[in-house]
Amino acid sequence: MADEALSLRLEKYEGPLDLLLKLIEKNKINIYDIPIAEITEQYMAYLSGMEREDLDQLSEFLLMAATLLDIKARMLLPREVDQETGEEMDPRAELVNRLLEHKKYKLMAEELADREFDAYKVFFREPALPKEVAEWTQPVDLDELFQDVTLTRLQFVFQEVMRQREDRIDPERSRFGTIKREPISLKMQIEAVMSYARAHESFSFRDLLEKRRSKLLLVVTFLAVLELMKAGILTASQESPALDIYLEVSAEELENRHDFSELFDG
């Protein structure tokens, strides 16, 4: 008995119910018929060897010790009778129910811990999608993108500005002079359009095009506007077909300037 009591003192328990279950298992006791005197003796032996640093934990064990002593005392007295059923009441019944509930939750916790351990041994294969599939994006819905402003209407304004520019060119004088290739790129023009857009926030699409000095610049500006609308940076609106189309910068772009390099990735 002394060796067994010593081994119990060397172990740590989460609470008094955990200790009682261990004592019942060690003594191979039927949980529904606990020899309360024997269990109380072993429990008190463990309690006397507990460290006194953790007062909160110690108070829980002392409370259970008082409960065991109370049950032990009531076991020596005549049994109380249940007024409804007429059967004798077992002083150990409440303790047995608490032990059974504690054991149930303890087994559930162990089951979950085993499942967690098994989950660590499961490995998932990284997705091996072809590059072209991984980089695929949903096609842009132009109807949704332009809402009440159709692509045809934008193209009509663009062609009208182009015609006006051609009408202003003198066919005779245009044959004189040196033709120079203008260093214009879509990326440069997107940045130029955005510089203009940030300064005006809301502006006429026609005015923007008419400020371009050459046909090539006009074409690249038109493409730049389409790219910015596709990225959601510019939105177009038109109150009626007879009125001009207006472009407006998104609020997010005004707060945080966009990195236009991502428009040219790939």
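By accessible area of protein heavy atoms, probe 1.4 Å, what ranking do V220, V81 get, highest first? Don't jump to the answer; show the numbers that get you there.
Numbers: V220 20, V81 75 Å².
The most accessible residue leads, giving V81, V220.
In 10 Å bins starting at zero, report the fraction of Cα pairs in the range 187-246 per bin as a rounded %.
Here the calculated profile for the range 187-246 is 22, 59, 19, 0.
Could you name the lysines whose alpha carbon sits less than 20 Å from that of K211, not counting residues in the same chain fewer than 8 places away?
K180, K187
What is the P(r) of the range 19-92, as percent of Cα-Cα pairs per 5 Å bin from 0?
Result returned by the calculation: 3, 14, 22, 20, 17, 12, 7, 3, 1, 0.
Please express the Cα-Cα pair-distance distribution P(r) of the range 59-107 as a list of whole percents, one per 10 Å bin, running from 0 to the bin with the greatest distance.
Values per bin, smallest distances first: 23, 41, 30, 7.
Rounded to the nearest 10 Å², what accessible area does K104 show when all protein chains are kept and the probe is 1.4 Å?
We get 110 Å² for K104.
If I take R0 = 45 Å and measure r between the Cβ atoms of A128 and K104 in this structure, what FRET efficiency does the formula 1/(1 + (r/R0)^6) give, to the nearest 0.05?
Once the sixth-power term is evaluated, E becomes 0.50.
Full extension from N30 to A93: what is 0.36 nm times the residue separation minus their Cα-Cα distance, to one decimal in nm?
Working it through step by step, the gained length comes to 21.4 nm.
Dimensions of the range 74-131 along principal axes (Cα, Å, largest first)?
Its Cα atoms span 82, 23, 10 Å along the three principal axes.
Filter the cross-link list K22/K72; K72/K104; K26/K121 down to pairs whose alpha-carbon distance in this structure exceeds 31 Å.
K26/K121
Using θ = phi - 60° and the Karplus relation 6.51 cos²θ - 1.76 cosθ + 1.60, list the HN-Hα couplings for the range 102-111 in order, rounded to whole Hz, with x at every Gly or Pro.
Here the 3J(HN,Hα) series is 4, 5, 4, 5, 5, 5, 5, 5, 5, 5 Hz.
Hey, what's the range 12-109 come to in accessible area per residue, 1.4 Å probe, Å²?
With the other protein chains kept in place, the range 12-109 gives 66 Å² per residue.
The values are calculated or read from the model by the stated rules, or taken from the named source; none is laboratory data. On a predicted model such as this, the values are computed, not experimentally measured, just so you know. Counting neighbours? That spans all protein chains shown, and the Cβs are built from the backbone with ideal geometry, glycine included. These area figures cover heavy atoms from the full protein model, side chains too; ligands, DNA and RNA do not enter into them. Shrake-Rupley method; radii C 1.70, N 1.55, O 1.52, S 1.80 Å.
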